[in-house]
1. Using beta carbons and a limit of 9 Å, which pairs, at least six apart or on different chains, have the first residue in segment 184-196 and modelled with pLDDT of 95 or more and the second one in a helix (DSSP H, G or I) and open to solvent by less than 30 Å² (accessible area, probe 1.4 Å)?
2. Residue by residue through segment 119-142, note down the ones that are under 19 Å from residue 179 (Cα atoms) and open to solvent by less than 70 Å² (accessible area, probe 1.4 Å).
3. Hand me the list of strands (runs of 3 or more DSSP E) wholly inside segment 65-152 holding 1 or more residues that are over 17 Å from the mean Cα position of the chain (by Cα), of a type outside the set (Asp, Glu) and more than 18 Å from residue 54 (Cα to Cα).
4. Kindly evaluate residue 201 against the criterion of being free of Cβ contacts under 8 Å to residues at least 60 places away in the same chain and open to solvent by 10 Å² or more (accessible area, probe 1.4 Å).
5. Give me the residue from segment 89-98 that is surrounded by 22 or more Cβ atoms within 10 Å (Cβ to Cβ) and of a type outside the set (D, E, K, R) and, out of that set, nearest to residue 175 (Cα to Cα).
6. Any residue in segment 67-95 that is closer than 14 Å to residue 33 by Cα sitting within a Cβ distance under 9 Å of a residue that is among the charged types (D, E, K, R) and outside any loop (DSSP other than H, G, I, E, B)? List the pairs, counting only those 6 or more apart or interchain.
7. Of all residues being more than 14 Å from residue 112 (Cβ to Cβ) and touching a Leu at 6+ places or on another chain (Cβ under 7 Å) in segment 45-65, which is surrounded by the fewest Cβ atoms within 10 Å (Cβ to Cβ)? Just the residue, please.
8. Collect the residues in segment 239-252 that are crowded, with 19+ Cβ neighbours inside 10 Å and within 18 Å of the chain's Cα centre (by Cα), keeping them in residue-number order.
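The values are calculated or read from the model by the stated rules, or taken from the named source; none is laboratory data. All of these numbers come straight from a predicted model, not from anything done at the bench. Quick reminder, even Gly has a Cβ in these numbers, built from the backbone with ideal geometry, and neighbours come from all protein chains shown. Just so you know, the surface numbers come from the protein's heavy atoms only, side chains and all, with ligands and any DNA or RNA stripped out. Shrake-Rupley method; radii C 1.70, N 1.55, O 1.52, S 1.80 Å.
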Amino acid sequence: MRRVGVAVLLCVLATAVSWLCLAQDARSVTLTILCDNYVHDAAFQSEWGFSCLVSGLDKTILFDVGGPLCSIRANLKAAEVEFSTIGVLTFSHPHPDHVAGLPCLFPLPSAMSLFVPSWFPTSWEQQLAAQAAAAIPVTGPTEICPNALLTGPIFGSVTEEALCVRTSSGIVVITGCAHPGIVKMVEAAKSLFPGEAIALVIGGFHLVEESEAAVRSIAQQLLALGVVKVAPTHCSGDVARAVFREVFGANYIEAGVGLVLTF
């Protein structure tokens, strides 16, 4: 009987430890769109481009920096974010509407880590060298910090990468423009997290020139991949946003600059 009591006690302790570990693993992650041509909050400036801030992990991550109009600097202030608190800067692809905002942020904090795709132009290394900033090359799937992973290159008309963040709700996939195709990018992200739910896909879906029928097919493919929520913005286009709103219903999120989401 005493052995049974000890066994029960050990079982209870094991369960308690298990729940404690789950609580420690569960992260409250916040996404803030800091550059976009769609407007969610009128206190933020808009321009053609994209940038998303991820906070709540071991490091605060800035994914893309928007275009040359420097809305990123004004919008950091509107979001009450000190640039010096951002630990990581990384990019989806080298188009101006995603990277031209970089000089607007100079000088870069000396402690900031820059994860630069290896397929970027060599002029980038020179620009960063002038800032005395060390660039960490991204050649494949790359962990930024626990629960944050870059997919590495996804090939298409333009080579691009996505940022994947593990939250307590599932994996969040952040795309800059999704030039290789939003379905292809989600498939690449999903392969890196087998068995885990894709809680949200947010960012540019690059569907602005696609027909309504093509967009509807893509929306259905994302549903088939198990994507729970979508927030198409930037280069997704008005037609695509309307179709995704219809297909995903309550799981569609109207995104734009100034949007804040917490998981």
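1. Correct list of pairs: 186/222.
2. 119, 120, 121, 138, 140
3. 135-138
4. Answer is no for this residue.
5. The initial filter retains those residues of segment 89-98 that are surrounded by 22 or more Cβ atoms within 10 Å (Cβ to Cβ), namely 89-93, 97-98.
Checking which are of a type outside the set (D, E, K, R) leaves us with 89-93, 98.
Working: 89: 15, 90: 12, 91: 10, 92: 7, 93: 10, 98: 11 Å.
Top of the filtered list is 92.
6. Taking only residues 6 or more apart or on different chains, the pairs are 67/97.
7. Just the residues of segment 45-65 that are more than 14 Å from residue 112 (Cβ to Cβ), to begin with: 45-52, 54-58, 64.
Add one more test, that the residue is touching a Leu at 6+ places or on another chain (Cβ under 7 Å), and what stays is 47, 51-52, 54.
On the way: 47: 22, 51: 30, 52: 28, 54: 24.
Going through the qualifying residues, I end up with 47.
8. Across segment 239-252, the qualifying residue is only 252.
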